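Notes follow the structure.
Read the figures in this text as sums done on the coordinates, not as results from a lab. These numbers were taken from a predicted model, which means no experiment stands behind them. When we count neighbours, we look across all protein chains shown, and the Cβ atoms used for this are built from the backbone with ideal geometry, even at glycine.
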DNA sequence: ATGAAAGCGCTAACAT
DNA sequence: ATGTTAGCGCTTTCAT
């Protein structure tokens, strides 16, 4: 038949079996107090009649959407794909569905997404902020209504919202230190236009390392961009036009680092001999570009799983949710590759 | 207050304003027949009372979830990120929310996702199949209930489901022809284990080009893999172990091509002189690897927008949905880069 | 072990 | 222009 048939409800099953809808509902949920025979009959009837449970109705009644929202800057990185795979694994096992949205690192889009997710009454939220985002007021409505929110990677400090991230200060310190021990003295840093907490932490680590090694911090070596690959190309031009060129560049993400490296090479600059490079994230591109890019690595899948677990815990556990949120530091490591090793 | 307050409903607003809930509902939806003053009063009250519309209830009542499901193999590519950005743009303008899931190119996961989306009563579905998928039975329930489904990129031919894709046969033909005109005679082809319609089309294009140029098709030059980057590494070993090595490799996607190229280079093989390479998709990696990878390019954002538009049309338009679904061919182009150009 | 009945929060005839 | 009323399909007390 070409006209779609009417939706089959539990009432239809109830009528067919001459029992009440309540029993059907219970049987379908495998409620312990339903007779095993009835259960079997119901399940069979459901199958043969083509019944499909209507989540919308169930959700409304239970006042629970069974949906977790996840907001990220951009889906386009192996890191994010892994985070999502990890989160999805844990959440789907716990019976949740996922609504994923990318803000494209744009604050107003992030605000709209947050609104839509609120109206859909998500049961919880996993958020990695846009690079642009400078405050998290648009998530206050969730906090107010007691809807758990867990930040990951690009986090916002909030007494009620746990955040899982890496020690950005330390990782940036380590990588800067590495560049210094390779003999670099003029280390440029490419960071975000609007400095979010993550970019700020990395900037801090960079400055701290310089300080510890008695290298004066030089504002003119700091380049602010939107951290896209194209921005990296522009940054390369800025570097080429500097009166005194840097001997190393530490970029706060890999995408931008790769763009910058590629463009720099076009000027005949040798990497790492003339300018060493380091990035952040260990995206796939980092081990494809030549020379391979030194960077900071951390596991997206683990971060996603962990964030999801914390979130579920807060959803199920009012007492867990009531506790002050703590920051969780996930381990990270710097991966030294040829882009930064100045052999004799 | 720390305990979340009770949810504010239209009844609360109605009571506060001494009007009926129906009027509140209408005012909130900006229904034309509501007095402009009442509208203003309602909107103000809603704001001051902290009212947030409950989509779950609205959805149930309207029997419309306002949700579009989108299923892809993997989110981790610039192409997919662009498709999603394109689709999201069109869909959010039309008032829809998106549930995105990645099958990780695994059929059983794809089946589960389809189930969950059905139960959530998505209003429509955008699907790019897993590489593994060999039939689309798990989407029949949508078709039966008249829920519009539009395939994109990795499509399945179905009389009721439009598909938007590129001419894979032609693109593969063109790229193979290009390799032939560069003087290649032994062209290997790396394709999927389970040959889906997309991989099959590309395989067909490859064979057709060989035939037209009187190069006998050689089964031993066909390598079947799961098309990941790691699979490309394995494929490189297979190639190195061949008694008579190929002088070109056409891989059915870029990720696998890049893995294969990198590993091949480690054997001291010169690209393109010893072995030329070509991929498919124009992922970011293709223009990062050295030499840059010849590939097939097509716009993800446009594909996403177009697929979304067709879907919305079918949702709003029973007559559009009733028409036999046509295939839409989006334009694509081959991008010739250094990985395949054998200069004199 | 099962049923009756109420209601989640909203919208849409149908009245007025 | 507004109100009345009846559900959307499900779950869950409270009875029995």
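What list do you get for A:51, A:131, A:11, B:173 if you sort them by fewest beta carbons within 10 Å? Please report the intermediate quantities before stating the final value.
On the way: A:51 19, A:131 25, A:11 11, B:173 22.
Fewest-to-most Cβ neighbours within 10 Å comes out as A:11, A:51, B:173, A:131.
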**Report entry** For the protein assembly as shown, alpha-carbon Rg relative to the globular expectation (2.2 N^0.38 Å, N residues)
**Finding:** 1.05
Query - Other copies of residue A:316: label-to-label distances in nm, shortest first, labels 7 Å along the beta-carbon direction - result: 4.4
Query raised in the report: Hey, got the Cα dimensions of region A:20-158 along the principal axes, in Å, largest first?
Result: 59, 33, 23
Query raised in the report: In nm, what does the list of distances from residue B:15 to its counterparts in the other copies look like, shortest first, when each label sits 7 Å along Cα to Cβ?
Result: 3.6
Report task. Would you mind pulling out the separation of the Cα centroids of region A:143-204 and region A:54-87, in Å? Result -> 25
Report summary line: In degrees, nearest 10, the alpha-carbon axis of helix B:36-49 is tilted away from the dominant principal axis of the alpha carbons of chain B by 70
Report summary line: Relative contact order as a percentage, region A:168-298, C-alpha pairs under 8 Å and 6+ apart, gives 25
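Exposure proxy check: A:88, B:7, A:93 ranked by fewest other beta carbons within 10 Å? Write out the running numbers ahead of the final one.
Working: A:88 25, B:7 13, A:93 10.
Going from least to most buried by this count: A:93, B:7, A:88.
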Requested in this report: Report, to the nearest 10°, how far helix B:300-316 tilts away from the longest principal axis of the Cα atoms in chain B, using its own Cα long axis and a range of 0 to 90°.
Outcome: 40
Query - Projected label distance in nm at residue B:40 and residue B:111, using a 7 Å step from Cα toward the beta-carbon - result: 6.0
Report task. Show that you can apply the helix-only estimate: for chain B, add -39,500 (n - 2.57) for every DSSP H stretch of four or more residues, divide by all residues, and state [θ] at 222 nm to the nearest 500. Result -> -13500 deg cm²/dmol
Query - At 7 Å out from Cα toward Cβ: residue B:302 inter-copy label distances (nm, ascending) - result: 4.3
Report summary line: Helix A:107-119: inclination vs chain A longest Cα principal axis, degrees, rounded to 10, gives 20
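Can you tell me what share of the DSSP beta bridges in the protein assembly as shown is antiparallel? A percent to the nearest 5 is fine.
Values: 8 of 70 bridges.
Taking every DSSP beta bridge with both residues in the protein assembly as shown, the antiparallel ones total about 10 percent.
Indicate the gyration tensor shape class of region B:222-295 (rounded, prolate or oblate), computed on the Cα atoms with a ≥ b ≥ c the square roots of the eigenvalues: a/c under 1.5 is rounded; otherwise a/b larger than b/c is prolate and the rest oblate. Intermediate values should be presented prior to the final figure.
Working: a/c = 1.67, a/b = 1.24, b/c = 1.34.
Oblate, since a/c reaches 1.5 and b/c is not below a/b.
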Requested in this report: Ignore the peptide's own chain and count Cβ atoms of other chains within 10 Å of each Cβ in A:53-63; give me the average, rounded.
Outcome: 6
Report summary line: Quick note on B:117, A:29, B:229, ordering by fewest other C-beta atoms within 10 Å, gives A:29, B:229, B:117
Query raised in the report: Can you work out the FRET efficiency for the pair residue A:245 and residue A:204, with r the C-beta to C-beta distance and R0 = 25 Å, to the nearest 0.05?
Result: 0.55
**Report entry** Antiparallel DSSP beta bridges within chain B, percent to nearest 5
**Finding:** 10
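Restricting to Cα pairs below 8 Å that are 6+ residues apart, what does the relative contact order work out to for region A:10-53? Please round to a whole percent.
Once normalised by length, the contact order is 35 percent.
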